[in-house]
Amino acid sequence: MSHEPAEVRFHVEGEALAGWWFQPATPARSPCPCIVMAHGLGGTRDAGLVPYARAFAEAGFAVLLFDYRHFGASAGEPRQLVSVQRQLADWQGAIDFARQQQGIDPERIALWGSSFSGGHVLVAAARDGGVAAVSAQGPMMDGLAAVLNVVSYAGIGGILRLSTLALRDQLRALVGGAPLYAPIVGRPGETAAMATEDAYDGYRAIAPPDWRNELAARLALQLPLYRPLRHARRLPCPALIQVCGRDSVAPPEAAEKAVSRAGGRAELKRYEDLGHFDIYVGDGFERSCADQIDFFQRHLLS
């Protein structure tokens, strides 16, 4: 069995990020490969990701699971701010930190992302150039497609309400005001970043009791411009892209397009019976995690 994770800190742009370091009791090889992990939209390290980290450590990999700035145990003001560029900088900081750890092979660093971070890991790997493998489950590969998906279930009125809140929040930010928050998940018909039939209960099923169901609304203004699939052709390493066939949040077609653009570097795994949040729990977790371990063993241990 692997040990309990150690609390670690590393700094990005002068701000401290909190992470858990999972050290395998029996490394799969020496020096040891390391898998770097972080959550999706508004998620923290304790929201359903520890079972993955433990499984990877049991398989012999070191794991760094971290919180973005503005979230969880990491620094950053205002709280609950999702900044794409800051989160990508946090990924680079985490990669650099993992490479510097004693006993870790700096050439065998893998990235694991889910939902919003499933797109981040593609971009981070393309920018870094030295990542050895990428795994992305239920990934948000195209912000524009995600916004159009909101229109499909919430209507024009729903997206206009969210956009108006986002614009007001951005204007407040420009004059130094406190953020205006929008719920991360809501029931169908409510104004939220995700308000599909399965979003509220699905997210709540993996979230800890103190999880904050809110984010600075300004994200809605930058989301359509964030399209990770554009980086797929520059992917420097093998990638596993896991698509949920019943995904109501992250359009599967965008993930499949990213696989196509990546050419032979990416492999697609479809789970036709799973929704966006099913992959974190129960049978969905068991299947996705087993496929991820197989992928990491093939590409980090050979």
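The values are calculated or read from the model by the stated rules, or taken from the named source; none is laboratory data. Just so we're clear, the structure is a prediction, and the values are computed from it rather than from any experiment. Note that we place each Cβ from the backbone using ideal geometry, even for glycine, and neighbour counts take in every protein chain shown. We work out accessible area using only protein heavy atoms, side chains counted, and drop any ligands, DNA or RNA first. Shrake-Rupley method; radii C 1.70, N 1.55, O 1.52, S 1.80 Å.
Counted by Cβ distance under 14 Å from residue 214, the other residues give a net charge of +1, where Lys and Arg count +1 and Asp and Glu count -1. Note on the chain: antiparallel DSSP beta bridges, both residues inside, total approximately 35 percent of the bridges counted.
The long axis of helix 84-99 is offset from the longest Cα principal axis of the chain by roughly 10 degrees.
For segment 1-71, trypsin sites (Lys or Arg not before Pro) are listed when DSSP marks them as loop and at most 14 other Cβ atoms sit within 10 Å of their Cβ; the list is 29. If both residues of a DSSP beta bridge must be in segment 20-167, then about 20% of such bridges are antiparallel. Between 12, 123, 150, the Gaussian network model of the chain with springs among Cα atoms under 10 angstrom shows the greatest mean-square fluctuation at 12. A cut-off of 5 Å between modelled amide H atoms, ignoring neighbours fewer than 5 places along the same chain, links residue 137 with 113, 114, 115, 242.
Each of the peptides 236-246, 129-139 was scored by the mean count of other Cβ atoms within 10 Å over its residues; in descending order, highest first, they stand as 129-139, 236-246.
Could you grab the relative contact order for segment 30-141? Cα pairs under 8 Å, six or more apart, rounded to a whole percent. The value is 30 percent.
For segment 7-70, GluC sites (Glu not before Pro) are listed when DSSP marks them as loop and at most 11 other Cβ atoms sit within 10 Å of their Cβ; the list is 13. For segment 1-43 and segment 248-263, compute the distance between their C-alpha centroids and round to whole Å. For segment 1-43 versus segment 248-263, the Cα centre distance is 28 Å. Normalising the average separation of contacting C-alpha pairs (under 8 angstrom, six or more residues apart) by the number of residues puts the relative contact order of the chain at 17 percent. Taking all protein chains into account, the per residue accessible area for segment 95-156 stands at 31 Å² (1.4 Å probe). Between residue 194 and 185, 186, the built amide H atoms are under 5 Å apart, and every one of these is 5 or more places off in sequence or on another chain. Residue 51 sits among other residues whose Cβ lies under 15 Å from its own Cβ, and their net charge, with Lys and Arg +1 and Asp and Glu -1, is -4. For segment 225-302, GluC sites (Glu not before Pro) are listed when DSSP marks them as loop and at most 10 other Cβ atoms sit within 10 Å of their Cβ; the list is 272. Counting only other residues whose beta carbon sits under 13 Å from that of residue 187, what net charge do I get with K and R as +1, D and E as -1? Net of charged neighbours comes to -3. Between residue 173 and residue 297, the contour length at 0.36 nm per residue exceeds the alpha carbon distance by 40.1 nm.
Of the solvent-accessible surface of the chain, computed with a 1.4 Å probe and all protein chains present, 52% belongs to carbon and sulfur.
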